[in-house]
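The values are calculated or read from the model by the stated rules, or taken from the named source; none is laboratory data. Model, not experiment: these values are computed from the prediction. Note: ideal-geometry Cβ built from the backbone for every residue, glycine included; neighbour counts use all protein chains shown.
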Amino acid sequence: MVFVKETTLGAGVIAATYVAIAAFYVRLAVHALRWYEATRRSPPARPRGVAASARALTATAVDIVFLRRLLLVNPALWLGEWAFHASLFMIILRHLRYFMHPVPDWVTWAQTPGWIAGFLLPLALGYIFVIRLLTGQEKFSSRANLLMLMNLLAIAITGILMSTRYRVDLAAIKLFALGVVTFNPAAPPTGVLFLCHLCLVVVLLLYIPSHIFTAPLVMMDARGRQIELHRVIHDA
Amino acid sequence: MTRKRSFGADLTARQFIEIDACTQCGECLKHCPVQVVTGNPAISPPEKIRLFREFLRTTDGLKARLGFPAAVDPRLLEDFTKAVFECTTCGACGQNCPVGIFTQRLWPTLRKEMVQRGLGPLGIQKGMPGAIERSGNPYDKPAADRFAPWFPEKVEVAERADIAYYAGCSGAYEAQPMVRGDVLVLHATGEPFTMLPPEEEVCCGFPLFITGQHEMLAGLVKRLVEGYRARGVKTLICSCPCCVNIMSRDWPALYGRELPFKIRHITQFVADALKQGKLRIPRELRETVIYHDPCYLSRGIGVIAEPREVLRSIPGLTLLEFERHGLNSRCCGSGGAARKVFHENAIAMGRLTIDEAVAKKADRLILSCPACYGKVNEAMQGYEKQIRITDIMELLALVLEEERPGAR
């Protein structure tokens with residue numbers, strides 16, 4: 001593996017990675033500021049009963065983990081979406097080994113399932129795309145969603161190629177990844193596939209949809225609201 | 001440096017989060033009644049949220065916070081205003097949202113923002129505050145005509161009672177068989193009930209709330225609540241789903257504290273009276289009926305079982321269900337104060353309800369909302385498919401002993 005330390009390309013890759021991470025946090029902060037300002041403006045929400053909250057939490061966990069609401073409205077799409085989200089979660093777990101030293105056991109255990117999930121993810125994305133086309137739903141979807149789908153597909157394909165046919169220097173990648181998170185960046189490996197993979201992830205970070213943070217909160221609220229619906233005008 | 005008014009000035013934190021949480025998946029479109037009759041995705045729920053995110057960015061985004069707010073294309077604002085006011089606010093999109101956004105309250109809040117910016121309300125909705133100021137109702141009808149044309153002569157109203165009945169403006173002026181049925185059934189239970197005089201029974205505030213015109217709301221609510229409190233009321237009964245919805249969900253906040261009485265939909269009260277034996281149905285009705293769940297009653301406050309209990313208590317009656325019923329009911333087209341501005345949409349939606357009721361061979365279409373009652377009746381005018389439309393209390397009054405033909 002050839003290193004490009006202190007070259008324009010290497011510095012550019014490192015800078016782009018930091019810019020993307022910074023942009024991600026700034027975006028998150030701007031959104032959090034909006035929520036905070038609104039919280040200060042709005043009257044406090046009516047408290048929910050302890051039983052309702054405990055029940056809501058349990059049911060919400062099911063709603064979030066199994067995307068239950070989507071299952072109810074579109075079972076065919078649910079299959080792809082659940083496979084996609086579960087695979088992505090496992091892949092992220094698998095990738096944690098690059099950012100942690102020593103690698104904890106639970107990350108080690110996630111390696112094989114994460115490797116399998118790497119193959120499942122592009123299949124799930126392809127399935128989602130086909131289902132959306134077949135149901136004529138794609139015309140309603142935003143271009144950002146389509147772009148994200150294609151971006152994720154490209155990330156998945158470059159990832160698979162690196163783990164099967166065109167092997168990369170994992171130690172060098174780990175040095176680079178650890179360097180980024182510890183603000184002591186090492187030169188990025190120069191393999192074309194890795195650089196493509198990294199650049200695609202950087203692009204994804206720039207426009208990652210905010211629903212990944214907020215949707216679970218809304219699901220929790222929706223579950224609570226569903227439980228409360230029968231108390232709005234009925235005696236509890 | 002002063003920031004421009006935020007597009008999210010009236011949004012709660014939860015609503016900000018909801019706007020961020022929309023995945024733009026488009027699942028809601030299959031359930032949106034406006035989509036069904038217009039086929040125009042430009043006015044769809046995800047498109048409204050996408051546009052509103054753009055607007056928010058211009059006043060609350062990073063650039064705006066750093067002192068460089070962007071201008072909003074006025075044409076986009078107009079398109080958005082039309083889209084948000086064309087919505088019937090039925091909430092089917094939220095009910096079927098894979099994330100669970102509470103759209104039945106989000107859309108009215110976005111309407112309010114457009115009103116603050118001078119872009120809404122639209123058409124006849126603009127006259128509502130003035131009409132309510134003058135006459136106490138959004139139809140600008142005289143208070144003297146509120147009860148007189150339909151109130152049954154034999155029914156007495158107590159000066160003070162534990163129970164009060166609120167007829168509501170739409171029922172009193174636009175769906176009189178319905179409110180007449182309400183009063184007859186209440187009378188038949190034998191429970192004394194009180195009512196405010198016609199000039200004091202003003203609008204509940206829902207038409208103003210739903211069109212984003214909130215200035216008069218608190219005043220109306222305080223006036224009504226104090227009126228009922230002075231009569232010693234412990235339970236306020238109403239048949240209009242929109243009134244009952246705002247009374248139970250928003251009146252406490254507008255009043256500033258818990259209400260001194262409970263709110264009940266009339267079907268709840270009647271279902272209880274039937275269970276307790278206070279109300280007996282002396283004759284049977286050999287008919288097949290189909291019941292339509294009003295959006296603000298079913299999705300809005302969860303009153304789903306009681307209307308069915310009331311209907312099933314009528315001997316001989318066969319009750320059919322729409323394909324979409326209960327929490328998933330389809331809007332009849334009259335919701336969200338859109339029916340008088342987007343008349344064609346409302347008629348087309350109403351005819352979908354009629355089509356299904358006729359296809360299922362129901363003898364009657366049973367409604368329990370004055371807005372539905374008015375608009376679905378209108379939708380049937382000049383339509384090749386015809387069905388008898390009856391309010392649930394109108395039907396019950398019909399089968400009660402006192403309401404036998406010739407007994408009036």
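Annotations for the structure displayed:
To keep it simple, each residue is scored yes or no on (1) under 21 Å from residue A:175 (Cα atoms); (2) in contact (Cβ under 8 Å) with a residue 12 or more places away in the chain; (3) charged (D, E, K, R).
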| position | (1), (2), (3) |
| --- | --- |
| A:90 | no, yes, no |
| A:97 | yes, yes, yes |
| A:102 | yes, no, no |
| A:110 | yes, yes, no |
| A:121 | no, yes, no |
| A:126 | no, yes, no |
| A:129 | no, yes, no |
| A:133 | no, no, no |
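- Condition check for residue A:159: part of a helix (DSSP H, G or I), surrounded by 18 or more Cβ atoms within 10 Å (Cβ to Cβ) and away from chain B (no Cβ under 14 Å): yes
Listed here are the residues, each with its yes/no results for (1) farther than 30 Å from residue B:219 by Cα; (2) not charged (D, E, K, R); (3) not in a loop (DSSP other than H, G, I, E, B).
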position	(1), (2), (3)
B:59	yes, yes, yes
B:78	yes, no, yes
B:85	no, yes, yes
B:108	no, yes, yes
B:126	no, no, yes
B:137	no, yes, no
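- Restricting the stretch A:185-236 to residues that are part of a loop (DSSP other than H, G, I, E, B) and more than 10 Å from chain B (Cβ to nearest Cβ), the residue that is nearest to the chain's Cα centre (by Cα): A:208
- Residues of the stretch A:107-134 satisfying the condition of being among the aliphatic types (A, V, I, L, M) and exposed (fewer than 15 other Cβ atoms within 10 Å of the Cβ): A:116, A:123, A:130, A:133, A:134
- Counting only residues that are over 17 Å from residue B:316 (Cβ atoms) and at pLDDT below 95, the stretch B:385-404 holds 1 of them.
- Index of the failed condition, residue B:255 passing every other in (1) at pLDDT below 95; (2) crowded, with 16+ Cβ neighbours inside 10 Å: (1)
- Subset of the stretch B:260-271 that is within 12 Å of chain A (Cβ to nearest Cβ) and in contact with a strand residue (DSSP E or B) (Cβ under 9 Å, 6 or more places away or on another chain) - its residue that is surrounded by the most Cβ atoms within 10 Å (Cβ to Cβ): B:266
- Residue, farthest from the other protein chains (Cβ to nearest Cβ), within the stretch B:18-63, restricted to residues that are in contact with a Leu (Cβ under 9 Å, 6 or more places away or on another chain), surrounded by fewer than 20 Cβ atoms within 10 Å (Cβ to Cβ) and touching a residue at least 60 places away in the same chain (Cβ under 8 Å): B:37
- The residues of the stretch B:4-17 that are part of a helix (DSSP H, G or I) and facing chain A (nearest Cβ under 7 Å), listed by number, are B:13, B:14, B:16, B:17.
- Scanning the stretch B:272-287 for residues that are surrounded by 15 or more Cβ atoms within 10 Å (Cβ to Cβ) and either of a type in the set (D, E, K, R) or not in a loop (DSSP other than H, G, I, E, B) (or both) yields a total of 4.
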